[in-house]
Amino acid sequence: MSLPYTTWKIGEVEHKLRLTTRQAVAVEEKLGVNLLKVFMPRQDEDFPLPPLKVMLVVIHGALQKFEHGVTLDDVYDMHDDYVDAGGDQTSLLTDVIIPLFENSGFMPRQKETTDDQATLTTVK
C-alpha cells in the first residue's frame, strides 16, 4: 500500500505533497486549465514539459495539506534549493509531479509486480 502523499526531497528535508480536491480546484482556477492538460503536448512538441511556473503552482497547492501556509515565494526558494542540491526541471516532473498526480488520483498508479506475478511471467 502506498503512502497518502508524495515526497519532494530537497537535500535532507522531505516535503509531503498531496493535491486534495479543494487544492486541485484552486490550482486549476489559478492556471485556467484542467491539470491533465498541462501534460498534453502541443502539435509542435514531442515532449510535454510543462512550464516551471505551472509545476511550482501545482507543488504550492500540494504543499497546503501538510505544510499549510507555505507561500508561492517559499516554493520558488525551495526550488532554488532543489536545483542547488542537483535537481532539474525534468527530474521535478518525473520524480515529483507525476507521482503526485498518481497519488492524488489524476493518473492511474503504477502497478507493483509481486514475486508471484514475476514468476508467472518468467514461466510462460
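Every number in this text was worked out from the coordinates using simple rules, so none of it is lab data. Keep in mind that this is a model prediction, so the values were computed, not measured. Cβ placement follows ideal geometry from the backbone for every residue including glycine, while neighbour counts extend to all protein chains displayed.
The figures follow:
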read-out	value
Linear extension gain, K53 paired with K16, 0.36 nm per residue minus alpha-carbon span	11.4 nm
Surrounding net charge for A85, when Lys and Arg each add one and Asp and Glu each subtract one, Cβ distance under 11 Å	-4
Förster radius 35 Å - calculated FRET efficiency between V25 and A85 (Cβ-Cβ, nearest 0.05)	0.65
